[in-house]
Amino acid sequence: MNDLSEILNGRELSRQDIVRLLSPLNKREHCQILEKGYEVKENAIGRKTYLRGLIEFSNFCRKDCLYCGIRCGNIKAGRYSMSDDEILQCVELASRNRINGVVLQSGEMVNSYFIKRVSSIIKRIRKVTNDEFRVTLSLGEQSPETYREWFDAGAQRYLLRIETSSEELYRRIHPDDELHRYELRLKCLEKIKETGYQTGTGVMIGLPFQTVENLADDLLFIKRMDIDMVGMGPYVEHFDTPLYGYKDLLLPIMDRFDLSVRMIAVLRIMMPFINIASAAALEALVPMGREFGLKAGANVLMPNLTPVIYRKQYLLYENKPYIDIETEEVLESLDRRINMIGEEIAYDDYGDSKHFRMRKHIKQYQ
Ligand code: SAH
């Protein structure tokens, strides 16, 4: 037994333990953590991967986040918005492939036309799928009324990454104005949970100025907030963003990748029953990156269903994977890729967060 085994097989991880697990280690120790993450996933969830189809339906955005390629200040980004019918065609494609849930993601828009439109799309999706479907939203910061309206329309899950739980770091990677306040983002996340959604958050890993202590605090934040689903992945630079100016501060690609999968493993150890997505950004750094994420303890994959003509324009970061591969082709190879790592795709399964169900169950008896 080394001291790492003691930490991994001991009681609840302390902040100090987490910092130790995320700090530079040798290859053997690194693998030991990933194996533990996978073991915990196997026991809690099984060797299963749940799928959700990602639909990036618009890149119009009112925000100006310093790291993101579709920030409103990036005038080089061509803007698009898919039609309702195009969105529904993606839903059909998902259903045909036995994927019974989608994630609707877009830049942040809050005008009343957008809000009504999203409500109507959610209702149409419910109708064409006879309610046998899950809709996840990833549409940024909205008013409590809007979160309620979309929940009532039939969306069951909401993803809002906190990006970083450090208020100081948050300030460094966002413009200093009323639209980009840490406090507001946090309030929104709380509101989402209160509304009744399966609640998801996450962070970017390997940001300039970010420390291992920041990342340990991110994991503790996720635990403290009793989150149901997490999507976190490496920060990947984008040429046309202000944060690109700090690219010399970044960890080398392989170190950033290893740190990202290690974050997944440690979170899985801390929260065995939540859903953890293996982020596409992992694959921007390393081929088959998402499979490594699954082997570290992630259990959700979000194949991109956005039509190829739009995919290039939804460029949050460089080197976006599958940018010009037709969806059908990606889905065809998915089975083989997942089987190859000893996992099985849970087709026809909603794959609701077990953590969410347990949370609701406990509440019922309080
Ligand atoms: N507008 C919505 C969702 C779209 S952005 C929202 O604000 O929630 C989805 C996620 O992409 C963001 O939360 C962010 O974590 C991630 N992202 C943006 N730029 C990135 C970059 N350069 N590298 C890695 N992830 C990035």
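Direction-averaged projected area, Cα convex hull, the chain: 17.5 nm², rounded to one decimal. With the charge dipole of the range 91-218 set up from +1 on Lys and Arg Cβ and -1 on Asp and Glu Cβ about the Cα centre, the Cα lying farthest toward the positive end among the listed residues SER143, SER119, HIS180 is that of SER119.
If R₀ is 30 angstrom, what is the calculated FRET efficiency for the pair ILE325 and LYS247, using the beta carbon separation as r and rounding to 0.05? That pair, ILE325 with LYS247, gives E of 0.65.
The loop-placed chymotrypsin sites (Phe, Trp or Tyr not before Pro) in the range 177-267, going by DSSP, that have at most 12 neighbouring Cβ atoms within 10 Å of their Cβ come out as PHE239. Among the cysteines of the chain, CYS31, CYS61, CYS72, CYS90, CYS188 have no other cysteine beta carbon within less than 4.7 Å of their own.
Can you compute the charge dipole magnitude of the chain about its Cα centre, using +1 on each Lys and Arg Cβ and -1 on each Asp and Glu Cβ, nothing else charged? Give it in debye, rounded to the nearest 20.
600
Across the range 210-366, Cα pairs under 8 Å and at least six residues apart give a relative contact order of 24 percent. Placing dummy labels 7 Å off each Cα toward the beta-carbon, the span from ARG336 to MET358 is 3.7 nm.
The relative contact order of the range 13-93 comes to 20 percent, based on Cα pairs under 8 Å that sit 6 or more residues apart. The modelled label-to-label distance between VAL128 and ASP226, using points 7 Å beyond Cα along the C-beta direction, is 3.7 nm.
By how many nm would the segment from ARG47 to SER81 lengthen if fully extended, with 0.36 nm per residue of separation less the alpha-carbon distance?
On the way: separation 34, 0.36 × 34 = 12.24 nm, distance 3.70 nm.
Full extension from ARG47 to SER81 adds 8.5 nm.
With the cut-off at 20 Å, tell me which of the pairs LYS123/LYS191; LYS223/LYS360; LYS116/LYS187; LYS41/LYS320; LYS193/LYS363; LYS191/LYS320 have Cα atoms farther apart than that. Over 20 Å apart, Cα to Cα: LYS123/LYS191; LYS116/LYS187; LYS41/LYS320; LYS191/LYS320.
When Rg and the Kirkwood radius Rh are both evaluated on Cα atoms of the range 247-366, their ratio Rg/Rh stands at 1.02.
Full extension of the chain segment joining VAL110 with ARG96 gains 1.8 nm, where the gain is 0.36 nm per residue of separation less the Cα-Cα distance. Over the chain, dividing the summed -39,500 (n - 2.57) contributions of all DSSP H runs of at least 4 residues by the number of residues returns a 222 nm mean residue ellipticity of -14000 deg cm²/dmol. Both numbers refer to the Cα atoms of the range 204-271; Rg and Dmax are 12.8, 37 Å. Note on SER120 and GLU178: the extension gain reaches 17.9 nm, defined as 0.36 nm multiplied by sequence separation minus the Cα-Cα distance.
With the convex hull drawn around the C-alpha atoms of the range 254-324, the volume per residue stands at 84 Å³.
Normalised Debye scattering of the range 98-173 at q = 0.15, 0.18, 0.26 Å⁻¹ gives log10 I(q)/I(0) of -0.56, -0.74, -1.24, counting only Cα atoms as equal scatterers and leaving out solvent.
Here the label points at ASP255 and GLU29, each 7 Å from Cα along the C-beta direction, are separated by 1.5 nm in the simple model. Taking all Cα pairs closer than 8 Å and separated by 6 or more residues, the relative contact order of the chain comes to 24 percent.
Can you work out the FRET efficiency for the pair LYS187 and SER14, with r the C-beta to C-beta distance and R0 = 25 Å, to the nearest 0.05? So, using R0 = 25 Å, E works out to roughly 0.30.
Bear in mind that the values in this text are calculations on the coordinates, not laboratory data. What you see is a predicted model, and the numbers here were worked out from it, not measured in a lab. Cβ sites come from the backbone with ideal geometry, for glycine too, and all protein chains shown count toward neighbours.
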